[in-house]
Amino acid sequence: MKRLTVPAILQRKQDGITADPIVMLTAYTARQAQLLDAHCDMLLVGDSLGQVIYGLPSTIPVTLEMMANHAAAVVRGSYHSVVVVDMPFGSYEESPQQAFASAAQLLKASGAAAVKLEGGAAMAETVAFLVGRGIPVMGHIGLTPQAVNVLGGYAARGRSDAEAEKIVGDAKALSDAGAFSIVVEGVVEPIAIAVTNAVPCPTIGIGASALCDGQVLVTEDMLGMFERVPRFVKRYADVATTISGAADLYAQEVRARSFPGAEQTYQPK
Ligand code: KIV
Ligand code: NA
């Protein structure tokens, strides 16, 4: 299987996406990437790793170095999916030049194909700057977690007419600037539909109904690793129970000296 390309993802919408929605999941480690790769079109090294891997309270403290290290692991663990890396907060907002330097650092360190950044019309100039210089960009609009301190929380967006209009305008601005795809997070279904109809590039929904051109979830959320997850997450497994059950059994066997058994023990010839 040859690795998919950014133009191939963009082309999917022109070819009629309804029959072939885009499948995306987050991945932060090589082993996780190995397990997910064949099932996905794209793997996202999301800055959600701040909370999921590092136990941080938000994505705000995530650094370029953290993103570069995890992105490199995910590229090493995959050979099929397009690997997209999140640009962390503070690494791209100041200017197109700052964004280019940060994005170049991420792609050089990891071998990933594209970056993702949050923000709409305000980031359009930056998106055009990067794309014009060889860096494919995925947009991210609606609920943008790096703006949590401006938004005041993680509630769904697009419930007022003004907010709805702004989100559709953001999508158009990003697409006109050359974004190859746009994540639409935490918006009411009519907005997801309006955005998806408004742009020629694929929309990737998360908490944005089934009517986007593709879907993404945080892998640990859909695996059932966490007690508390947003309403839009469906749990496809109960990995938390599997892990704590295995740890419990191991602990019991160590304390009972029934592990290691004869099979796990070396003896002289
Ligand atoms: O960081 C992340 O995991 C993301 C997705 C949830 C879209 O940005
Ligand atoms: Na993110």
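All but one of (1) touching a residue at least 40 places away in the same chain (Cβ under 8 Å); (2) outside any loop (DSSP other than H, G, I, E, B); (3) more than 27 Å from Val229 (Cα to Cα) hold for Gln146, so report the exception by its number.
(3)
With the checklist (1) more than 21 Å from Ala71 (Cβ to Cβ); (2) surrounded by fewer than 18 Cβ atoms within 10 Å (Cβ to Cβ) in hand, flag the one item Val131 doesn't pass.
Every listed condition holds for Val131 apart from (1).
Checking Ala101 against (1) away from ligand 2 (no atom under 16 Å from the Cβ); (2) in contact (Cβ under 8 Å) with a residue 40 or more places away in the chain; (3) assigned to a helix (DSSP H, G or I), only one condition comes out false. Which one?
Checking Ala101 against (1) away from ligand 2 (no atom under 16 Å from the Cβ); (2) in contact (Cβ under 8 Å) with a residue 40 or more places away in the chain; (3) assigned to a helix (DSSP H, G or I), the one that fails is (2).
Every residue, every condition in (1) assigned to a helix (DSSP H, G or I); (2) in contact (Cβ under 8 Å) with a residue 24 or more places away in the chain; (3) at positive phi, yes or no:
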residue: Phe232; (1), (2), (3): no, yes, no
residue: Thr241; (1), (2), (3): yes, no, no
residue: Gly245; (1), (2), (3): yes, no, no
residue: Asp248; (1), (2), (3): yes, no, no
residue: Val254; (1), (2), (3): yes, no, no
residue: Arg257; (1), (2), (3): no, no, yes
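How about region 159-190: which of its residues are free of Cβ contacts under 8 Å to residues at least 60 places away in the same chain, within 16 Å of ligand 1 (Cβ to nearest atom) and either of a type outside the set (Asp, Glu) or more than 28 Å from Leu56 (Cα to Cα) (or both)?
Ile167, Asp170, Ala171, Leu174, Ala179, Ile182, Val184, Gly186, Val187
I'd like to check something: does region 222-241 contain any residue that is over 25 Å from Leu4 (Cα atoms) and among the polar types (S, T, N, Q)?
Scanning region 222-241, I find at least one residue that is over 25 Å from Leu4 (Cα atoms) and among the polar types (S, T, N, Q), so the answer is yes.
Would you call Met138 within 19 Å of the chain's Cα centre (by Cα), surrounded by 23 or more Cβ atoms within 10 Å (Cβ to Cβ) and either in contact (Cβ under 8 Å) with a residue 60 or more places away in the chain or more than 16 Å from ligand 1 (Cβ to nearest atom) (or both)?
yes
If you scan region 49-65, which residues turn out to be within 11 Å of ligand 2 (Cβ to nearest atom) and either charged (D, E, K, R) or buried (at least 20 other Cβ atoms within 10 Å of the Cβ) (or both)?
Leu49, Gly50, Thr59, Val62
(1) within 24 Å of Val229 (Cβ to Cβ); (2) polar (S, T, N, Q); (3) away from ligand 2 (no atom under 16 Å from the Cβ): which one isn't true of Thr126, the others all being true?
Every condition holds for Thr126 apart from (1).
Among the numbered criteria (1) surrounded by 19 or more Cβ atoms within 10 Å (Cβ to Cβ); (2) among the small types (Gly, Ala, Ser); (3) not in a loop (DSSP other than H, G, I, E, B), which single criterion is violated by Ala208?
All conditions are met except number (3).
State all residues of region 150-174 that are in a helix (DSSP H, G or I), modelled with pLDDT under 95 and within 16 Å of ligand 2 (Cβ to nearest atom); if no residue qualifies, say none.
The answer is Val150, Leu151.
Which one of the conditions (1) among the acidic types (Asp, Glu); (2) surrounded by fewer than 16 Cβ atoms within 10 Å (Cβ to Cβ); (3) within 15 Å of ligand 2 (Cβ to nearest atom) does Glu93 fail to meet, given that it meets all the rest?
Unmet for Glu93, out of (1) among the acidic types (Asp, Glu); (2) surrounded by fewer than 16 Cβ atoms within 10 Å (Cβ to Cβ); (3) within 15 Å of ligand 2 (Cβ to nearest atom): (2).
Going by the structure shown, is Gly120 over 28 Å from Ala33 (Cβ atoms) and in contact with a helix residue (DSSP H, G or I) (Cβ under 8 Å, 6 or more places away or on another chain)?
When the stated conditions are applied, Gly120 passes them.
Which condition from (1) crowded, with 23+ Cβ neighbours inside 10 Å; (2) under 17 Å from the mean Cα position of the chain (by Cα) is the one that Ala99 breaks?
Every listed condition holds for Ala99 apart from (2).
Going residue by residue through region 82-90, is there one that turns out to be under 30 Å from Arg228 (Cβ atoms) and surrounded by fewer than 24 Cβ atoms within 10 Å (Cβ to Cβ)?
Yes, there is a match, as at least one residue in region 82-90 is under 30 Å from Arg228 (Cβ atoms) and surrounded by fewer than 24 Cβ atoms within 10 Å (Cβ to Cβ).
The values are calculated or read from the model by the stated rules, or taken from the named source; none is laboratory data. Keep in mind the model is a prediction, meaning the values are calculated, not measured. In this analysis, Cβ positions are derived from the backbone assuming ideal geometry, glycine residues included, and neighbour counts consider all displayed protein chains.
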